[in-house]
Amino acid sequence: LFTRLNLMNVTELARKIKLTTSEMLEILPEFGFDIGRKAIKVDEKIARKILEMGDQIRLKLELNKKAKYEELKKPTVGLQPGAEVKEIQIPPVISVRDFAQVINRPVNLVIKELMKNGVMASLNQKIDFETAAILGDEFGLKLILAAGQEEVEQKQNVKDILGKESKSDLEARPPIIVVMGHVDHGKTRLLDTIRKTNVMGQEAGGITQHIGAYQAKRKDRILTFIDTPGHEAFTAMRSRGAKVADVAILVVAANDSVKPQTIEAIKIIQQAEVPLIVAINKIDLPDADIEKVKKDLASMNLIPEDWGGKTITVPISAKENIGIEDLLDTVLLVAEMEKDKIMANPNATAMGTVIESHIDKGEGPVATVLIQNGTLAVGDNLCIDDVFFGKARNLRDFNNADLAQAVPSVPVKIIGLKYAPKVGDVVCVQNVIERKNKKAKAFDIRKEETHINSKLFAAQDEDGQEVKKINVIVKADVLGSLEVIAESLEKIESQEVKVKIVSKGLGNITDSDINMALTSNALIIGFNVKATPLAADMAREKNVEIKYFNVIYHLLDDIKARMSLLLSPEVVRKDLGKAEVLAIFKTEAKNMVVGAKVREGIIAATSKIEVVRKGEVITRGTIKELQAGKQKVTEVASGQECGINFIGKPEIKINDILVAYSEEELKKII
Ligand code: GDP
């Protein structure tokens, strides 16, 4: 009579039907289970019934939620359809929290609607009026811009952001160089000459895009040049407390010497506390007077080094390409002296300054941002002063090639903006709900995985031959290494195996790299970069292989070794000896026993046999048994007679030559 009932924990039950405890307890009455809102345990019989109905319960809950959501979205009283729509005034910029309050909707709902519109915003993040108005429409409200509301100037300051970075997170980045000077003294020409002779990754004869900055290489070091000569841009950038440039080149024409704009440039550079190099240009001209320039500089308290001062001067001709390498070497030297200041944290949330911006007919608003901290990636949400202004739909480098991401000091063209920002605006990434969202995306991608995989592996080369492929994703610290690695990998010679670079990019290995590796079944190669903690976890969990290198040769050796493993072995034939058939003892369907005399070398019991008649191979076979003097032997030497039990087509005739050979499989190596 006292049989103990088996009880089940409510939390356990909820977990089994994939609901939270409170969700389950709330919905159970709708299915006739009245176990009470505060129940802790249920008896087994009821539990089993609930388990059976799991799918139904979940579906119902989903429907309930949807209905509730729709209900919330409906206009509030007074805004019923047909009724006059009340106007709600909102300021040009408003935080998500305040916006929810003003329109009287739960803030979660506002965030959800924002997400639907591609904006990942947190409570405190601000949205602009345009975004707010779109949301208003969704909620059936009419929003108008509040009159006389001044946008509160609360500008972000690059210096403050960088100042917050802890020293140990900082890593060296390429120096950023700006060129200034009086009009017509040759700033544009100098930038063009450097670009033409030292720019990286540019195809011969290719047209580089003007995006306001480019990267050049000198002695394996990358230099970022701001390609917008002019004091205006520099001053605009400076207004945010930013020291956009690390080194300034002051161009002074040798035939014209110091002029008003030269003096203005000197002032700006000195105020910004940027180290300065004077390029004395146009020395090819007959009326060039380098000494006069030096004298004029000295009178401005810029005493040239060779006069015992500290001002570095480099005579050049931008037109004739004279002294340009000296100038670049000097830049490297100055950058080296300043190296403690030329640092950034590539793992931080990305931040940079707009150096160029326009509206493109095809691509809409486009901006070039010089990344100053963190790594900007495709898909990032961009804000200026906390106001969302677009998503980085596409990133391009100065050669207009797609970039997956941009690390510090990389000038990057961003496509996908809502409007063209101003030069000097500080762009920050704010991906609040990013992680959650990315996870969902990763899941979607994985669902398609098998499909993509088969596609990649059935790849054929140009001749229609099937080739094996090693898919790799390459991440490197600098563009130069990345290009060299990519090029070298693609150049590894093999008919059978090829390296396919699924993706390449700069910066640390991120979760999106892991996702890509999963979908494309790729190996991730990190050159002088690390994996973010999230990426490292994911890689471990999902069995994605990451290999780190800091020497290119080691990297190539490793890949070659992997490729070698995929090669089919090479079969090498070795002739052992020859014997002449003297007698046929037995002929069966698939074998013969013959007597032979070894004429050359040896015949081994393990040999393969080629039957040769009048110089032609009649057939091939193997040896079942080798005898000498009625004894089973492993080998018969030249001059000896033997009996051979031959397995193969029974086509041997007297006087045929049996060539004994062995075949060895040799592992091929790339
Ligand atoms: P910016 O106004 O400072 O950008 O000057 P530009 O680069 O447009 O140059 C002004 C003019 O000077 C152009 O006609 C250039 O071709 C010319 N120029 C620039 N560098 C040199 C040089 O080293 N030698 C000579 N002879 N002419 C130069």
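If you look at the Cα atoms of region 452-609, you get an Rg and a Dmax of 25.3, 77 Å.
Residue pairs exceeding 25 angstrom between C-alpha atoms, taken from Lys219/Lys475; Lys219/Lys339; Lys217/Lys413; Lys196/Lys469: Lys196/Lys469.
Just tell me which aspartates and glutamates come within less than 14 Å, Cα to Cα, of Lys126; anything on the same chain fewer than 8 places away is out. Once the sequence-local aspartates and glutamates are set aside, what remains near Lys126 is Asp98, Glu151, Glu153, Asp385, Asp386. Packing around the peptides 507-514, 97-104, 536-543, 597-604, taken as the average count of other Cβ atoms within 10 Å per residue, puts them in this order, highest first: 507-514, 597-604, 97-104, 536-543. Applied to region 573-583, the Karplus parametrisation 6.51 cos²θ - 1.76 cosθ + 1.60 on θ = phi - 60° returns per-residue 3J(HN,Hα) values of 9, 10, 6, 9, x, 10, 9, 9, 6, 10, 8 Hz, with x for Gly and Pro.
Compactness of region 296-407 was expressed as the Cα radius of gyration divided by 2.2 N^0.38 Å, which yields 1.49.
Run the paramagnetic zone check for Arg620: 7 angstrom along Cα to Cβ, then residues of region 656-670 with backbone nitrogen under 16 Å. What the label zone holds, given the 16 Å backbone N cut-off, is 658-666. Once Rg and the Kirkwood radius are both taken over the C-alpha atoms of region 564-620, their ratio Rg/Rh works out to 1.09. Once every Cα of region 482-522 carries one equal point scatterer and solvent is ignored, give the base-10 log of I(q)/I(0) from the Debye formula at q = 0.15, 0.16, 0.28, 0.30 Å⁻¹, two decimals. Normalising to I(0) and taking log10 leaves -0.43, -0.49, -1.02, -1.06. Given their separation in residues at 0.36 nm each and the Cα-Cα distance between them, Ser299 and Asn108 gain 62.2 nm when the chain is fully extended. The residues of region 560-670 have, on average, 60 Å² of accessible surface per residue, using a 1.4 Å probe with all protein chains present. Full extension of the chain between Ile584 and Leu567 yields a length gain of 1.8 nm, computed as 0.36 nm times the residue separation minus the alpha carbon distance.
Note on Lys49: lysines with a C-alpha under 29 Å away, same-chain residues under 8 apart excluded, are Lys16, Lys18, Lys38, Lys41, Lys60, Lys65, Lys66, Lys68. Cross-link partners of Lys310 among lysines, defined as those whose alpha carbon lies under 16 angstrom from its own and excluding same-chain residues fewer than eight positions apart: Lys294, Lys295. Across all C-alpha atoms in region 535-599, the radius of gyration and Dmax reach 27.2, 74 Å.
So what's the net charge close to Thr330: Lys and Arg +1, Asp and Glu -1, counting the other residues with Cβ under 14 Å from its Cβ? Within the 14 Å Cβ shell, the charges total -4. When only alpha carbons of region 622-670 are considered, Rg and Dmax amount to 14.4, 48 Å.
I'd like the carbon and sulfur percentage of the solvent accessible area for region 2-67, probe radius 1.4 Å, heavy atoms only, ligands and nucleic acids excluded. About 54 percent, which is the carbon plus sulfur part of the accessible surface.
The values are calculated or read from the model by the stated rules, or taken from the named source; none is laboratory data. Since this is a predicted model, take the numbers as computed values, not measurements. Positions of Cβ are generated from backbone atoms using ideal geometry, with glycine treated the same way; all protein chains shown enter the neighbour counts. Each accessible area value is taken on the protein alone, full model and side chains, heavy atoms only, with ligands, DNA and RNA left out. Shrake-Rupley method; radii C 1.70, N 1.55, O 1.52, S 1.80 Å.
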